[in-house]
Amino acid sequence: MMIDSENTNVGLRHLQAAVTIRDEGSFVRAAEVLNVAPSALTETIRQLESFAGLPLFDRATRPVSPTVEAVGFINEAAELLLRFDRIMTDLRRFGSLQRGFVRVGLAPSLVLHLLSPALAAFRAEHPQIEIEIHDDSVDKMAEMVRDSIIDLGIVARGQSDPTLEEELLFSDRFGLVCHRDHPLARHPGPITFDDLDPAHIISLKPHTGISRLLKQYPNLPDCLQSGMVQTNSTISLLTLVSRNNGIALMPQLAMDVIQSGNLVFRDIEGFDLKHSFFVLSRRRGQTTAAAARFLFHLRQALQNLANLPVDLPR
């Protein structure tokens, strides 16, 4: 332990010894409380007095009492020991998941089927742990994980960052999203790109991740890559489609962001584009026990997505 920039052998046991002798008024009774031999306790106080350069107790009085010079020191030592005990108690609670926090970043499309059931299960198991949810761009969430602003980031694009752990979580298929009264919703056979009217396409702005994926897909006709109506957000796009203002090419889980009964998802023949999601975390050993447990519940929620056509890693 470092005190006054000098290496010493003075530590918490010396403070505990001094405080206990003050409280008990006797070296013998303090030794019993601390479960040490009286001679060992006397030696501990001798070491502390040697370091301080003054006596800490008046041994001639009964009960034994601190010297005038030592009263303030022993009072502060008692407060320090109480703070230390609280700190260690809190540390054990963090380790046993009795308290703490988890900060997660993810896209709105993952809230309904992934975050909501995982959150419910985790809260039932660890009600004292606080949860903080973030929604931002892929690059921003990777930066937030790297800077320890969030513990986990569920992002739709892999990162080449050696400071982060990256794990494929699942893949969501693309298809057609349209209003339930749209002719394509009731189309009897397989839908193809030729069935889609480019004039009716509503798309996201080019800077969004979904638009980038569509742009990079080699088999998508140029006329379907962007629409005459473009929005900045998935919510705006889906709201327009739910009012039968047009159709959109979207991942299936994204369709459920607004939870509208007016929306229908249809597969498109030969359209095998996937929207893959990865979980980002700091390198092994830097993730909290609470975050690791929350990730466990996210994986459990994924197993319950069997009724949805998502691809889980093998």
Item to check | Failed condition for Gly285, given (1) of a type in the set (Gly, Ala, Ser); (2) modelled with pLDDT under 90; (3) assigned to a helix (DSSP H, G or I) | outcome: (3)
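State yes or no: is Ser226 of a type outside the set (Asp, Glu), on the phi < 0 side of the Ramachandran plot and part of a strand (DSSP E or B)? I'd like the intermediate steps shown before the answer.
Details: of a type outside the set (Asp, Glu): yes; on the phi < 0 side of the Ramachandran plot: yes; part of a strand (DSSP E or B): no.
No: the conditions fail for Ser226.
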Checklist outcome for this item: By residue number, the members of the stretch 51-72 that are under 47 Å from the mean Cα position of the chain (by Cα) and free of Cβ contacts under 8 Å to residues at least 40 places away in the same chain are Ala52, Val71, Gly72
Next on the checklist: So Val257 ticks every box in (1) at pLDDT below 95; (2) over 17 Å from His275 (Cβ atoms) but one. Which box is left unticked?
Outcome noted: (2)
Checklist entry - Hey, does the stretch 198-218 have a residue that's surrounded by 14 or more Cβ atoms within 10 Å (Cβ to Cβ), assigned to a loop (DSSP other than H, G, I, E, B), among the hydrophobic types (A, V, I, L, M, F, W, C) and in the same structural domain as Phe265 (by TED's automatic domain parsing)? => result no
Next on the checklist: Can you tell me which residue is nearest to Gly11 (Cα to Cα) among those in the stretch 25-64 that are of a type in the set (Ser, Thr, Tyr) and surrounded by 13 or more Cβ atoms within 10 Å (Cβ to Cβ)?
Outcome noted: Thr44
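If you check Gly246, Gly227, Gly270, which single one turns out to be buried (at least 17 other Cβ atoms within 10 Å of the Cβ), more than 30 Å from Ser116 (Cα to Cα) and not assigned by TED's automatic domain parsing to the domain that holds Leu298? Full working, then the answer.
Values: Gly246 fails: more than 30 Å from Ser116 (Cα to Cα); Gly270 fails: buried (at least 17 other Cβ atoms within 10 Å of the Cβ).
Residue meeting the stated conditions: Gly227.
What residue, of Leu48, Leu80, Leu41, is part of a helix (DSSP H, G or I) and in contact (Cβ under 8 Å) with a residue 60 or more places away in the chain?
On the way: Leu48 fails: in contact (Cβ under 8 Å) with a residue 60 or more places away in the chain; Leu41 fails: in contact (Cβ under 8 Å) with a residue 60 or more places away in the chain.
Within the list Leu48, Leu80, Leu41, the selection yields Leu80.
The values are calculated or read from the model by the stated rules, or taken from the named source; none is laboratory data. All values reported here derive from a predicted model rather than from experimental measurement. Every residue, glycine as well, gets a Cβ built from its backbone with ideal geometry; the counts of neighbours run over all protein chains shown.
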